[in-house]
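Chemist: Supplied in structure tokens, the structure appears directly below.
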Amino acid sequence: MRGIRRRRRGDRRGCTLIEILVVVAIIAMLASLATVQVLRARIVTHEQLALASLRHITKACHFFFLANQQFPMDLTVLGPPTSNPPYLDAQLIGGQKQGYQFVYDRTASPTSFTLLANPVTPGSTGVRYFYTDQTLVIHVSEAGPSGPGDPIIP
């Protein structure tokens, strides 16, 4: 009986329930922090894509203006089959891309327009609203739809 040792009650192996619960709570807290960071990174990515799309649309409108001496009535004029080759891809002509809705409006004058980029689901797909016009200056607002009086994005 030399190789066999008796275990005493105080000599236990393994973890207690409290220790397991503490480890699970720490893991859950770390997972929630990671989730928040991933969601924030997604919102920032959507906003950067919206800015790039906004710049692309305004440049396409200016190219159209150079060819026709007026801005387009709507974005469908900038795509196929109306325009060959197209100025814009089909997603931007549809008015929505990567969580942002683009609203184009040619004003009463054929030499001016406004373009808004609003998040489809504020707080989830983006938190900032963007505005630009024929001047190519982009304005931003976090309170709601942006306008010409809001701060400028460099």
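Chemist: Output the residues belonging to region 51-92 that are in contact with a Phe, Trp or Tyr (Cβ under 9 Å, 6 or more places away or on another chain) and of a type in the set (Val, Ile, Thr).
Modeler: Matches in region 51-92: 57, 58, 77.
Chemist: Return the pair list, or none, for Cβ contacts closer than 8 Å from residues in region 135-146 that are acidic (Asp, Glu) to residues that are in a strand (DSSP E or B) and surrounded by 13 or more Cβ atoms within 10 Å (Cβ to Cβ), at least 6 apart or on different chains.
Modeler: Hits for this filter: 142/129.
Chemist: Continuing with this model, one more query. Which strands (runs of 3 or more DSSP E) sit wholly inside region 113-154 and have at least 3 residues that are touching a His at 6+ places or on another chain (Cβ under 7 Å) and not β-branched (Val, Ile, Thr)?
Modeler: none
Chemist: Quick one: which residue in 58, 35 is in a helix (DSSP H, G or I) and under 20 Å from residue 108 (Cα atoms)?
Modeler: None of the others qualify; the one that does is 58.
Every residue, every condition in (1) among the aliphatic types (A, V, I, L, M); (2) out of contact with any Lys or Arg (no Cβ under 8 Å at 6 or more places or on another chain); (3) surrounded by 13 or more Cβ atoms within 10 Å (Cβ to Cβ), yes or no:
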position: 71; (1), (2), (3): no, no, yes
position: 75; (1), (2), (3): yes, yes, yes
position: 87; (1), (2), (3): no, yes, yes
position: 95; (1), (2), (3): no, yes, yes
position: 113; (1), (2), (3): no, no, yes
position: 116; (1), (2), (3): yes, yes, yes
position: 122; (1), (2), (3): no, yes, yes
position: 128; (1), (2), (3): no, yes, yes
position: 135; (1), (2), (3): no, yes, no
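Chemist: Is it the case that region 67-74 has a residue that's of a type in the set (S, T, N, Q), part of a loop (DSSP other than H, G, I, E, B), at pLDDT 90 or above and closer than 30 Å to residue 114 by Cα?
Modeler: yes
Chemist: Now for a different question. Within the bounds of region 96-108, is there any residue that is within 23 Å of the chain's Cα centre (by Cα), assigned to a helix (DSSP H, G or I) and modelled with pLDDT of 90 or more?
Modeler: No, there is no match, as no residue in region 96-108 is within 23 Å of the chain's Cα centre (by Cα), assigned to a helix (DSSP H, G or I) and modelled with pLDDT of 90 or more.
The values are calculated or read from the model by the stated rules, or taken from the named source; none is laboratory data. Computed from a prediction, not measured in an experiment: that's the story for all the values here. Note: ideal-geometry Cβ built from the backbone for every residue, glycine included; neighbour counts use all protein chains shown.
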